[in-house]
Structure formats: C-alpha cells, structure tokens
Amino acid sequence: MTAALDPATGPVLLVGCGKLGTALAPRLRDRGLDVLALRRDVGGLPPDLPALAIDLAEPLPATLPRAAGMVITLPPTDAPDGYRERLQHLAGALPAVPARTVFVSSTRVFDGLGGPDAEARPLDEDEPPTPATERARSLVAGEEQARELFDAIVLRPAGIYGPGRDRLLRTVREGRPVEHRRRSNRIHQDDLVRTLELLLTHPAPPSLLHAVDDHPATLGEVVTHLARRMDLPVPPAAEPDPGGGTVLAGARLAALFGDLDHPDFRSGYDAMLAGDTPGEVPGTRT
C-alpha cells in the first residue's frame with residue numbers, strides 16, 4: 001500500500017471532479033492540503049476551487065503538476081476499454097505516481113449476481129466481481145488498470161443519495177411504479193465523502209472497500225417510508241416485480257470508520273425531507 005499524503009509534494013488531484021470531489025475539496029483544505037480539480041468542463045465548479053480543463057479521451061498536451069494524492073471519479077461508460085484509455089492518458093501526464101490514489105468504482109461490478117433467482121447472501125470485499133453488462137465489465141477493467149498504474153485503493157459505493165440526487169423522491173411524488181421486491185443498498189453522500197477523506201489520510205487503509213450503510217432494504221421498504229413521511233400514497237409495484245438485486249456487507253467500512261452519520265435510509269431521507277440535504281438518486285456513480 002502506498003504512503004500517506006505529504007502536503008509538501010503537491011496538491012490532491014480530483015480527477016473528474018463532480019459532486020463528490022466538490023464536497024471533498026474543503027475537507028482536504030481544512031487538513032492543510034491543496035487541491036486541484038481536473039475535468040473536461042470546469043465552468044460549473046465553485047469559483048474558489050482551483051481547476052484545469054482537461055479531456056482524458058485524448059493524450060494530454062502538457063505534463064500535470066506533481067501531486068501528493070489523487071481521487072478518480074470518472075463517469076462510467078459502456079465501452080469495454082472506456083476507463084483503460086482515460087487512465088493511461090492520465091498516467092502519461094503525471095510526472096510521478098501520487099503517494100495515495102483512490103479509484104471510485106461501483107457495487108455494480110456484482111450485477112451478475114442480482115437476478116430474480118439470486119441468493120440474498122451478503123457480499124463482502126472477498127467476493128470476486130461478477131460483471132454481466134458492458135458497464136460493469138468496464139468498471140472491473142478500470143479497477144484493474146487503476147491498481148496497475150497507480151497502486152490505487154478501490155472504493156465501491158452502493159446507491160449514492162444526498163444533495164442534488166432526487167430521482168427516488170420524484171418517483172414517490174409522481175406515483176410512478178417501483179420494483180418493490182428488488183433488494184437495494186445505499187450510502188449517504190456525506191458519509192461517502194468522509195470515507196474518501198479517510199482513505200486518503202488513514203495510515204493503513206484497506207486496498208478495497210465497499211461503501212454501504214448498515215441496512216440493505218427492498219425498494220418497497222424505502223418508497224413506503226418516503227410516502228408515509230411525505231403523506232403521499234405508496235407508489236404501486238411494477239409489473240412484473242421479479243425481485244432480485246444484491247445485498248452488500250458493510251462490516252469493513254464499519255470497522256474502519258465507526259458510526260456513519262446516516263446508518264440507514266430512514267436517517268438519511270428524514271434529514272433530506274427536513275430540508276437538510278435535499279435530493280437522491282438510487283444509482284451508484286458520482
């Protein structure tokens with residue numbers, strides 16, 4: 001495992017900086033670390049966040065600054081080599097490998113185990129990936145490439161919810177059908193950002209970590225809770241409603257991190273509905 005960060009060696013590069021990187025930046029600055037966002041369009045970033053406009057789809061025309069650490073949150077693609085090419089271009093522009101790199105992947109790498117007849121056993125970090133779709137295969141290839149090029153820690157979030165992620169709330173408000181029987185897992189964005197900070201700064205972080213809260217739940221349980229909190233009818237079950245989905249174990253995160261701010265969906269969604277952190281999306285990307 002690579003070493004902890006030394007602020008004297010340069011900034012932390014936030015590669016593909018979106019919601020997670022933007023939320024992580026002030027926490028790292030509070031620790032005395034400089035940050036630098038790298039993304040194709042920097043127009044939507046906070047004005048106080050230093051940034052470079054780069055497109056990793058092509059080789060970079062100039063060398064990047066030396067970096068103490070790096071967080072990679074590139075959007076997924078359905079191309080088998082979608083990550084591989086972009087990560088190679090990134091590596092080619094770095095003067096040296098940062099001391100600590102975190103590659104944000106997804107629990108979608110287990111989509112081959114989420115069929116209607118799948119066993120509902122908890123999947124931990126020792127479970128080998130079982131990609132069944134092009135996007136999942138691209139994620140697995142990205143994990144492998146990030147380890148090879150940067151000795152990266154791989155972080156796999158489940159469904160991220162929090163500021164600006166409001167799909168499931170809109171689903172309930174609009175009364176659209178939901179697969180009630182489908183198993184699901186999630187992590188509040190605030191807890192995910194704290195996890196990223198910890199992986200960058202911990203003296204001995206794990207090389208692979210699932211970012212999930214303590215309470216997997218069916219989508220039916222989640223939308224029923226939301227409907228009751230919003231005093232709305234529970235959305236109907238989709239037809240068909242075959243079930244399936246995966247159950248992720250969060251024991252390694254709990255052992256490393258202790259208590260989450262939002263240990264289950266009720267805590268996180270209740271805070272959102274109270275106006276603290278509006279929005280949610282049940283996907284797995286940043």
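The values are calculated or read from the model by the stated rules, or taken from the named source; none is laboratory data. Keep in mind it's a predicted model, so treat the numbers as computed, not measured. With ideal geometry, Cβ positions are generated from the backbone for all residues, glycine too; neighbour counts draw on all protein chains shown.
Give the residues of region 192-211 that are closer than 15 Å to Glu125 by Cβ and of a type outside the set (Val, Ile, Thr), sorted by residue number.
Once the filter is applied, which keeps residues that are closer than 15 Å to Glu125 by Cβ and of a type outside the set (Val, Ile, Thr), region 192-211 yields Leu199, Pro205, Pro206, Ser207, Leu208, Leu209, His210, Ala211.
Got a number for residues in region 207-216 being at pLDDT 95 or above and either surrounded by fewer than 17 Cβ atoms within 10 Å (Cβ to Cβ) or assigned to a strand (DSSP E or B) (or both)?
The qualifying residues number 5.
Residue by residue, here is whether (1) buried (at least 21 other Cβ atoms within 10 Å of the Cβ); (2) without any contact (Cβ under 8 Å) to a residue 40 or more places away in the chain; (3) of a type in the set (Gly, Ala, Ser) holds:
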site: Leu5; (1), (2), (3): yes, no, no
site: Gly10; (1), (2), (3): yes, no, yes
site: Leu13; (1), (2), (3): yes, no, no
site: Arg27; (1), (2), (3): no, no, no
site: Leu36; (1), (2), (3): no, yes, no
site: Val42; (1), (2), (3): no, yes, no
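Restricting to region 187-206, give me the number of residues that are at pLDDT below 95 and among the hydroxyl-bearing types (Ser, Thr, Tyr).
Here the count works out to 1.
So which residues in region 100-152 are farther than 30 Å from Ala8 by Cα, under 16 Å from the mean Cα position of the chain (by Cα) and assigned to a loop (DSSP other than H, G, I, E, B), if there are any at all?
Those that are farther than 30 Å from Ala8 by Cα, under 16 Å from the mean Cα position of the chain (by Cα) and assigned to a loop (DSSP other than H, G, I, E, B): Ser106, Glu125.
This table checks each residue for (1) assigned to a loop (DSSP other than H, G, I, E, B); (2) free of Cβ contacts under 8 Å to residues at least 24 places away in the same chain; (3) in contact with a helix residue (DSSP H, G or I) (Cβ under 7 Å, 6 or more places away or on another chain); (4) more than 21 Å from Glu119 (Cα to Cα).
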residue: Gly220; (1), (2), (3), (4): no, no, no, no
residue: Pro233; (1), (2), (3), (4): yes, no, yes, yes
residue: Ala255; (1), (2), (3), (4): no, yes, no, yes
residue: Asp270; (1), (2), (3), (4): no, no, yes, yes
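Can you name every residue in region 153-176 that is of a type in the set (Gly, Ala, Ser) and more than 15 Å from the chain's Cα centre (by Cα)?
Of everything in region 153-176, just one residue is of a type in the set (Gly, Ala, Ser) and more than 15 Å from the chain's Cα centre (by Cα), namely Gly175.
Only one of these is free of Cβ contacts under 8 Å to residues at least 40 places away in the same chain and among the hydroxyl-bearing types (Ser, Thr, Tyr): Thr22, Thr73. Name it.
Just a single option satisfies the conditions, and that option is Thr22.
Could you tell me which of the residues Ala227, Ala204 is over 23 Å from Leu260 (Cα atoms) and among the small types (Gly, Ala, Ser)?
Ala227
Picking from Ala96, Ala51, which residue would you name as being exposed (fewer than 13 other Cβ atoms within 10 Å of the Cβ), of a type in the set (A, V, I, L, M) and free of Cβ contacts under 8 Å to residues at least 40 places away in the same chain?
Ala96
What strands (runs of 3 or more DSSP E) completely inside region 1-54 contain at least 1 residues that are under 18 Å from Leu198 (Cβ atoms)?
12-15, 35-39
Within region 159-170, which residues are surrounded by fewer than 19 Cβ atoms within 10 Å (Cβ to Cβ) and touching a residue at least 40 places away in the same chain (Cβ under 8 Å)?
Within region 159-170, Pro163, Gly164, Asp166, Arg167 qualify.
Considering every residue within region 75-83, establish whether at least one is touching a helix residue (DSSP H, G or I) at 6+ places or on another chain (Cβ under 7 Å) and in a helix (DSSP H, G or I).
yes
For region 117-129, how many residues are of a type outside the set (Gly, Ala, Ser) and either modelled with pLDDT of 95 or more or in contact with a Ser or Thr (Cβ under 8 Å, 6 or more places away or on another chain) (or both)?
7
Limited to region 240-253, what total is found for residues that are in a helix (DSSP H, G or I) and touching a residue at least 60 places away in the same chain (Cβ under 8 Å)?
2
Which one of these does Thr277 not meet: (1) surrounded by 18 or more Cβ atoms within 10 Å (Cβ to Cβ); (2) at pLDDT 90 or above; (3) in a loop (DSSP other than H, G, I, E, B); (4) more than 16 Å from the chain's Cα centre (by Cα)?
(2)
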